[in-house]
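*Asks:* Have a look at this one before I ask anything.
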Amino acid sequence: MARRNILFVSHSKKQCGVYQFGKSVFEVIQSSQKYKIDWVECDSLGMLKKAIGQYSPDAIIYNFHPSTMPWLSTKLAPRLYKSNISGIEIMQIGIIHEITQQISDGATNYRNLLVLQKGSKLINALFDFYIAADPTLLLKNPSVYKTGRLIANYKNKFSYPEIPTIGSYGFGTPNKGFERIVLKVQEEFDEAIIRFNIPFAEFGDKDGARALSIAENCRKLVKKPGIALQISHDFLDKNELLDFLAKNSINVFLYEDTSGRGLSSAIDNALAVQRPICVSESTMFRHVLNQLPSISADQQSIQRIIESGFDVFEPLVNSWNQANLTWEYERILDSAFVKFENPSKVKMGIIRTFQSFFNRLFSIPDKSFTWLRNTNTIAYDSLESDLSITYNQVDDSKHIQFNRILDNDARSLYADTIKQMTSVFPNTMGKKIAEANVQQAFVLDTVYRNLKNYENPKLLCVGCYEDTASMYLRKIGVHVEEIDPLINYYLQEFAEKPSTLLNSYDIVFSTSVIEHDPDDESFIKCIYDLLSPGGTAVITCDYNDQWSPGKLKPEVDARLYTQYDLKERLIRLMPDCQFLDTPNWDCPNPDFLFLGKYRYAFASFVVKKKS
């Protein structure tokens with residue numbers, strides 16, 4: 001089958017962060033074997049139409065910002081066609097650079113002829129779909145897709161500086177915090193080198209007045225004789241910029257913006273050179289601020305962050321690599337073409353229903369709460385790790401069974417665990433139906449007591465959004481990889497991601513997710529494939545041994561589970577796994593009643609893969 005043609009459109013001014021970002025993305029995804037992707041620079045609608053005539057694209061991806069493409073954003077763009085003869089409409093996708101959760105939630109597609117609001121400005125809904133390179137977004141809008149960041153392949157060939165060398169770079173736009181860096185370095189060091197690269201910006205500082213003013217302000221702040229300040233204004237190409245960053249002991253970015261901004265691309269380049277990074281707590285760094293040890297200048301000294309090294313960033317570098325980005329764009333285009341070319345299905349609600357199905361499953365914080373929620377009160381618990389918090393597992397002298405019905409006896413057994421979880425995460429636990437929290441408590445206790453079986457255990461939570469077991473483990477300093485369609489991936493997608501290592505996870509856990517998946521057999525096979533030899537899977541599910549297809553069940557469930565499902569059908573799909581203990585799923589009288597008409601119980605399914 002011939003590859004579809006994709007036109008990647010950008011403006012032509014190279015001294016611009018938007019241009020540089022788009023060019024970097026294109027240079028990676030043009031290697032796609034599924035799509036043929038061509039780059040074109042357009043500064044008018046006429047230039048765009050000429051490019052369409054030349055390339056005859058099936059879709060256009062715009063490296064869009066209203067400041068750099070005013071010719072596209074001043075009015076609602078007319079529909080574009082491959083030719084006047086064919087009349088084949090071209091799918092249009094816009095990359096949103098200044099993305100926030102509010103903008104993502106409000107973005108609408110062209111067909112609805114609505115607008116999204118950004119601050120006080122109204123931006124016309126130019127596109128059918130949107131792409132945002134923001135790993136922190138919650139995917140609540142089916143018109144919006146997201147990717148990770150892009151970390152360039154770079155080998156740092158420079159030796160580590162003998163004198164502490166603090167670097168930073170960026171165009172001379174307001175609130176970049178260069179002056180604060182100078183002050184902070186002098187607070188901590190008597191001898192150090194500060195290196196800034198502040199080029200002139202094509203948009204907003206073409207004559208360099210702002211860049212030169214910032215440089216002069218920084219020079220006036222240097223008071224210590226042992227502090228050397230070096231400032232350049234040359235516009236560096238990609239390799240020159242990476243070399244500049246690679247020569248520093250640490251690269252520091254102390255932006256002063258606090259809200260309403262997208263992510264900073266400066267971190268992408270800083271991560272590529274494998275040097276420590278220090279940032280302010282600006283929302284533009286929200287995608288890296290949860291690292292441990294902290295890299296926040298408000299919580300750690302620059303010297304301490306230098307001493308902590310680069311290891312904290314390795315998971316990000318591995319995830320935001322070139323192969324993953326290509327896979328992300330292919331996945332997005334696959335999905336967008338299905339939606340774009342089947343509008344009748346969308347109108348009939350098929351695609352919308354599928355999206356809504358998973359939205360309900362993963363507890364999107366709106367009116368479509370899953371049954372796991374008790375209230376739609378919007379309240380948030382801190383997810384920052386706190387090593388002063390511990391977990392006291394259930395006493396080993398009590399009867400601990402791993403494959404069981406999570407009934408009132410289990411609620412009594414795990415009552416103290418529920419109490420601990422509620423004390424740490426009162427808001428999140430308070431949103432959920434109290435009788436269902438036994439599942440989260442069981443999972444937390446089971447995962448925690450199995451950690452000792454592994455050296456440096458690798459954990460994966462499937463369905464992590466507001467999963468309080470995963471939240472608690474992270475709070476006490478346990479590293480957990482997390483996936484969830486609302487945040488990043490379905491399990492089946494994650495298993496196919498280029499950077500995902502099969503047979504590598506010591507513990508995979510999932511709380512009340514499997515019953516919502518239309519294809520639970522692929523779900524189980526993926527967990528089996530991800531488990532390392534000797535690895536443990538901890539799963540809970542909705543259960544009623546008297547249930548069969550056609551009988552009453554909650555709308556959000558694809559099924560209820562029976563002993564046959566757990567003892568025979570699912571375990572057969574995990575050929576090298578065995579139950580962690582002898583199962584006891586006898587439950588003639590399920591004790592959970594939902595909405596007054598759905599009666600069932602909760603069951604646990606815990607297996608271990610042979611070593």
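The values are calculated or read from the model by the stated rules, or taken from the named source; none is laboratory data. Values in this document were obtained by computation on a predicted structure and should not be read as measured data. Ideal geometry is used to build each Cβ from the backbone, glycine not excepted, and the neighbour counts take in all protein chains shown.
*Asks:* Could you count how many residues in the stretch 264-301 are touching an Asp or Glu at 6+ places or on another chain (Cβ under 6 Å) and either of a type in the set (Phe, Trp, Tyr) or part of a helix (DSSP H, G or I) (or both)?
*Replies:* Of the residues in the stretch 264-301, 1 are touching an Asp or Glu at 6+ places or on another chain (Cβ under 6 Å) and either of a type in the set (Phe, Trp, Tyr) or part of a helix (DSSP H, G or I) (or both).
*Asks:* If Tyr564 passes every condition in (1) touching a Leu at 6+ places or on another chain (Cβ under 9 Å); (2) of a type in the set (Phe, Trp, Tyr); (3) surrounded by fewer than 24 Cβ atoms within 10 Å (Cβ to Cβ) but one, which one does it miss?
*Replies:* Against the list (1) touching a Leu at 6+ places or on another chain (Cβ under 9 Å); (2) of a type in the set (Phe, Trp, Tyr); (3) surrounded by fewer than 24 Cβ atoms within 10 Å (Cβ to Cβ), Tyr564 comes up short only on (1).
*Asks:* Considering each residue of the stretch 220-232, count those that are of a type in the set (Lys, Arg) and surrounded by 11 or more Cβ atoms within 10 Å (Cβ to Cβ), and give that number.
*Replies:* Number satisfying all stated conditions: 1.
*Asks:* From the list Glu307, Glu341, Glu330, Glu314, pick out the single residue that is among the acidic types (Asp, Glu) and at pLDDT below 90.
*Replies:* Residue meeting the stated conditions: Glu341.
*Asks:* Name every residue in the stretch 527-537 that is assigned to a strand (DSSP E or B) and surrounded by fewer than 24 Cβ atoms within 10 Å (Cβ to Cβ), in order of residue number.
*Replies:* Ser532, Pro533, Gly534
*Asks:* From Phe21, Phe8, grab the single residue that is on the phi < 0 side of the Ramachandran plot, surrounded by 20 or more Cβ atoms within 10 Å (Cβ to Cβ), within 26 Å of the chain's Cα centre (by Cα) and in a strand (DSSP E or B).
*Replies:* The match here is Phe8.
*Asks:* Condition check: over 26 Å from Asp591 (Cα atoms), touching a residue at least 24 places away in the same chain (Cβ under 8 Å) and in contact with a Phe, Trp or Tyr (Cβ under 8 Å, 6 or more places away or on another chain). Does Met471 satisfy that?
*Replies:* Answer is yes for this residue.
*Asks:* Restricting the search to the stretch 482-517, which residues are touching a residue at least 40 places away in the same chain (Cβ under 8 Å) and part of a strand (DSSP E or B)?
*Replies:* Matches in the stretch 482-517: Tyr505, Asp506, Ile507, Val508, Phe509, Ser510, Thr511.
*Asks:* Taking the stretch 581-597, which residues are more than 25 Å from Gly535 (Cβ to Cβ), in contact with a helix residue (DSSP H, G or I) (Cβ under 7 Å, 6 or more places away or on another chain) and part of a loop (DSSP other than H, G, I, E, B)?
*Replies:* Asp591
*Asks:* Let me ask something additional. Looking at Tyr561, Tyr600 in this structure, which one is touching a residue at least 40 places away in the same chain (Cβ under 8 Å) and touching a helix residue (DSSP H, G or I) at 6+ places or on another chain (Cβ under 7 Å)?
*Replies:* Tyr561
*Asks:* Name the single residue that is nearest to Gly534 (Cα to Cα) among those in the stretch 567-580 being touching an Asp or Glu at 6+ places or on another chain (Cβ under 9 Å) and surrounded by fewer than 18 Cβ atoms within 10 Å (Cβ to Cβ).
*Replies:* Leu573
*Asks:* Would you point out the residue of the stretch 219-252, among those that are in a helix (DSSP H, G or I) and charged (D, E, K, R), that is farthest from Ala152 (Cα to Cα)?
*Replies:* Out of the qualifying residues, it is Lys220.
*Asks:* On to the next question. Restricting the first residue to the stretch 547-558 and requiring it to be under 17 Å from Ala601 (Cβ atoms), which pairs with a second residue that is surrounded by 10 or more Cβ atoms within 10 Å (Cβ to Cβ) and of a type in the set (Lys, Arg) meet a Cβ separation below 8 Å and a spacing of at least six or different chains?
*Replies:* Trp547/Lys553; Trp547/Arg559; Lys553/Arg559; Val556/Arg360
*Asks:* For the stretch 538-553, what are the residues that are crowded, with 18+ Cβ neighbours inside 10 Å and out of contact with any Pro (no Cβ under 9 Å at 6 or more places or on another chain)?
*Replies:* Val538, Ile539, Thr540, Cys541, Trp547, Lys553, listed by residue number.
*Asks:* So, one more: Just to be sure, is Gly477 under 22 Å from Pro135 (Cα atoms) and not hydrophobic (A, V, I, L, M, F, W, C)?
*Replies:* The answer is yes for Gly477.
*Asks:* Further question on the same structure: Just the residues that are among the aliphatic types (A, V, I, L, M), farther than 11 Å from Ala537 by Cβ and in a helix (DSSP H, G or I), please, taken from the stretch 559-580.
*Replies:* Leu566, Leu573
*Asks:* So Pro457 clears everything in (1) in contact with a Ser or Thr (Cβ under 9 Å, 6 or more places away or on another chain); (2) assigned to a loop (DSSP other than H, G, I, E, B) except one condition, right? Which one?
*Replies:* (1)
*Asks:* Just for the stretch 178-198: of the residues that are over 34 Å from the mean Cα position of the chain (by Cα) and crowded, with 17+ Cβ neighbours inside 10 Å, which one is nearest to Gly167 (Cα to Cα)?
*Replies:* Ile193
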